[in-house]
Amino acid sequence: MNRFKSFWFPMLMVIILSASTQVARAQEEVSKVKLDISADFMSRYIWRGLNLGGSSPSIQPGIDLTIGNFAVGAWGAYSFSHAITRQEADLYASYTIADLFNIAVTDYYLPYEDTLNKYFNYKKDQTGHLFEISAKFLGTEKLPLSLLVATNVYGADAVRENGDIQYSTYLELGYSFTVAETPCSAYLGFTPTKPDTDKGETGFYGEGPGVINLGVTAAKEIKITDKYSLPVNASLITNPQAENIFLVFGISF
């Protein structure tokens, strides 16, 4: 019995502690896996200063699987109007570095004509897909500035030169702040793309270089019950190049 206490009991404790550590690590790994399902109801679908949904409200579902710093997901936008034939279904993958930088690859799919409404058609001059690579500085608590650089690299861009596609780029500077305990963000989006207007070419975001997305968004939660609050947001968005302005309201579920 003394030998058991002096040898086997400490060994047993080591085994139990080791097993507990492994279980804790496994639980920690599992806790890094997160699956989110969401849906937003927007009064208008305005993206980077562009009206992609006409005059119709838009329902925008999403599903996102996060494993540590890596995420994959799908996002869509569907109008309530039968007159709008363009509906959107996107796939993306992203990786976040040190909570400071995010790198993403996005497959935008926005078919708006019968010739482009073929999902598995990836031919450069025929596809309704548009692939984008983006990098974003997320900012910090002390420096609430963000910077996004996004470039189309393949697919249905709008700029063509000598039969080849010249892909468009988008840059956005954002600033986060609080007003009366309400989180807000201001942003300025710019495209440097220079299409040849003499040839009738146009960029994906506009007719030429310029500011296309200037606005501010405020978000808050409306308390419904003691356990549930409804997130809502409102945005005032202008597109100086197109001389457009939008006031958009959204509800998130």
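The values are calculated or read from the model by the stated rules, or taken from the named source; none is laboratory data. Just so you know, these numbers come straight off a predicted model, no measurement behind them. For neighbour counting, all protein chains shown are included, and Cβ atoms are generated from backbone atoms with ideal geometry for every residue, glycine included.
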*Tell me, which residue of the range 48-84 that is over 17 Å from Ala104 (Cα atoms) and among the aromatic types (Phe, Trp, Tyr) is modelled with the highest pLDDT?*
Tyr78
*Just give me the residues in the range 118-168 being surrounded by fewer than 17 Cβ atoms within 10 Å (Cβ to Cβ), at pLDDT 85 or above and either part of a strand (DSSP E or B) or polar (S, T, N, Q) (or both), in sequence order.*
Asn121, Ile133, Ala135, Phe137, Thr140, Leu145, Leu147, Val149, Thr151, Val153, Tyr154
*Please state which one of Val232, Val216 is surrounded by 13 or more Cβ atoms within 10 Å (Cβ to Cβ), of a type in the set (Val, Ile, Thr) and within 23 Å of Phe137 (Cβ to Cβ).*
Val216
*Of Gly189, Gly206, which residue is farther than 24 Å from Phe101 by Cβ, surrounded by 19 or more Cβ atoms within 10 Å (Cβ to Cβ) and in contact with a strand residue (DSSP E or B) (Cβ under 6 Å, 6 or more places away or on another chain)?*
Gly206
*First in the range 166-188 and more than 21 Å from Thr106 (Cβ to Cβ), second anywhere and among the hydroxyl-bearing types (Ser, Thr, Tyr) and at pLDDT 95 or above, Cβ under 6 Å, 6 or more apart*: Ser176/Ser185; Ala186/Tyr175
*Examine the range 51-58 for a residue that is among the small types (Gly, Ala, Ser), closer than 22 Å to Lys34 by Cβ and outside any loop (DSSP other than H, G, I, E, B), and state whether such a residue exists.*
no
_Exactly one condition in (1) surrounded by 15 or more Cβ atoms within 10 Å (Cβ to Cβ); (2) basic (Lys, Arg); (3) modelled with pLDDT under 90 is false for Lys194; which is it?_
(1)
_Positions within the range 169-186 being buried (at least 17 other Cβ atoms within 10 Å of the Cβ) and not in a strand (DSSP E or B), in sequence order_ = none
*Select, from Ala71, Ala77, the only residue that is in a strand (DSSP E or B), small (Gly, Ala, Ser) and within 25 Å of Ala242 (Cα to Cα).*
Ala77
